[in-house]
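Starting off with a structure, shown below.
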């Protein structure tokens with residue numbers, strides 16, 4: 001098989017696991033945080049810098065890449081890997097979340113979603129078939145099914161409709177998928193904050209025997225406790241021999257809770273978004289480098305971090321760059337933040353293999 005998940009180790013006191021997800025462009029050692037490169041770039045970061053922080057898999061977004069430059073141009077360039085200069089695994093989100101966030105610009109039917117492009121105003125009809133056609137043209141290793149992602153404010157009736165559509169649309173995605181030997185199609189479990197709907201959706205999707213599964217529709221406005229409960233309840237329902245992906249989550253606490261439940265993969269825009277706003281993640285805590293307290297702080301951003309930023313520059317220099325609105329400051333902070341989250345998941349993986357996960361990271365579960 002082109003895509004396989006191999007289990008390496010289990011934690012003896014939780015459902016945490018370490019594994020290897022094999023793809024045509026290489027292996028992903030799980031658990032792993034994946035940087036987000038929405039429009040074909042992890043903002044401000046070059047592919048060589050991504051290699052330097054040990055990134056193994058990065059994301060692109062179907063919706064944004066369809067709008068610009070268009071999947072035809074990417075295909076003519078030789079596919080997304082060649083177009084963006086990345087030689088390791090890639091994943092494309094279906095665009096479902098972005099489309100459904102355009103509340104004032106879109107119309108949802110059982111057929112799909114029609115929306116007006118915020119870039120040029122043209123009407124786009126995004127159906128499961130079109131989403132898969134676009135992703136086939138982009139050529140990422142993992143492609144995501146087109147699903148309906150209801151907001152946290154959705155009623156139970158609305159979530160029930162979304163769950164039904166998600167299953168039916170997944171079947172249409174499977175029928176439209178032209179490259180199953182080259183691209184793994186992952187299904188997305190929806191169901192909002194309702195455990196019975198999450199269970200129903202998970203079981204329906206599992207019956208279709210896909211290469212991998214994701215949990216979507218979390219961290220869309222609900223309280224953290226509900227996110228945690230949804231992840232704890234849903235993850236064990238997913239197959240043990242397939243990769244499990246929690247979409248849109250990337251904080252220390254959320255990742256540890258998810259890993260303890262059996263999640264393998266994560267993505268989030270937090271590292272580069274914080275960097276672009278002059279903030280850094282240090283041991284899971286956010287610090288604002290604009291603050292005057294760092295003007296004469298000549299210590300590294302994080303003395304325990306081995307990234308390029310921390311081994312070469314001081315907080316004082318970063319403070320100077322950010323206060324001067326110099327591009328380099330935002331790049332250096334983004335680079336560190338990416339390293340921070342990737343290395344955090346690397347440390348967790350080593351702890352799972354050594355069966356010290358609970359001893360080292362259990363305090364995040366409280």
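Here are 64, 81: which of them is more than 21 Å from residue 307 (Cβ to Cβ) and out of contact with any helix residue (DSSP H, G or I) (no Cβ under 8 Å at 6 or more places or on another chain)?
Going through 64, 81 in turn, the sole match is 81.
Only one of these conditions is not met by residue 187: (1) under 29 Å from residue 175 (Cα atoms); (2) part of a loop (DSSP other than H, G, I, E, B). Which number is it?
(2)
Do any helices (runs of 4 or more DSSP H) lying entirely in the range 245-325 carry at least 1 residues that are over 23 Å from residue 144 (Cα atoms), without any contact (Cβ under 8 Å) to a residue 24 or more places away in the chain and more than 20 Å from the chain's Cα centre (by Cα), and which ones are they?
308-312, 315-323
Determine whether the range 174-183 contains at least one residue that is modelled with pLDDT of 95 or more, on the phi > 0 side of the Ramachandran plot, assigned to a loop (DSSP other than H, G, I, E, B) and crowded, with 24+ Cβ neighbours inside 10 Å.
For the range 174-183, residues modelled with pLDDT of 95 or more, on the phi > 0 side of the Ramachandran plot, assigned to a loop (DSSP other than H, G, I, E, B) and crowded, with 24+ Cβ neighbours inside 10 Å: absent.
Among (1) surrounded by fewer than 24 Cβ atoms within 10 Å (Cβ to Cβ); (2) more than 22 Å from residue 184 (Cβ to Cβ); (3) in contact with a helix residue (DSSP H, G or I) (Cβ under 8 Å, 6 or more places away or on another chain), where does residue 12 come up short?
All conditions are met except number (3).
Could you look through the range 15-26, keep only residues that are in a loop (DSSP other than H, G, I, E, B) and touching a helix residue (DSSP H, G or I) at 6+ places or on another chain (Cβ under 7 Å), and pick out the one that is surrounded by the fewest Cβ atoms within 10 Å (Cβ to Cβ)?
Once the filter is applied, the top-ranked residue is 15.
Restrict the check to the range 315-329 and report whether at least one residue is buried (at least 16 other Cβ atoms within 10 Å of the Cβ) and in contact with a strand residue (DSSP E or B) (Cβ under 7 Å, 6 or more places away or on another chain).
No, that holds for no residue.
Being outside any loop (DSSP other than H, G, I, E, B), surrounded by 14 or more Cβ atoms within 10 Å (Cβ to Cβ) and modelled with pLDDT of 85 or more is the filter here, so list the residues in the range 80-124 that pass it.
Result: 80, 81, 83, 84, 90, 91, 92, 93, 108, 113, 114, 124.
The values are calculated or read from the model by the stated rules, or taken from the named source; none is laboratory data. Every value quoted in this text rests on a predicted model; they were computed, and no experiment measured them. Glycine gets a Cβ as well: all are built from the backbone with ideal geometry, and neighbour counts include every protein chain shown.
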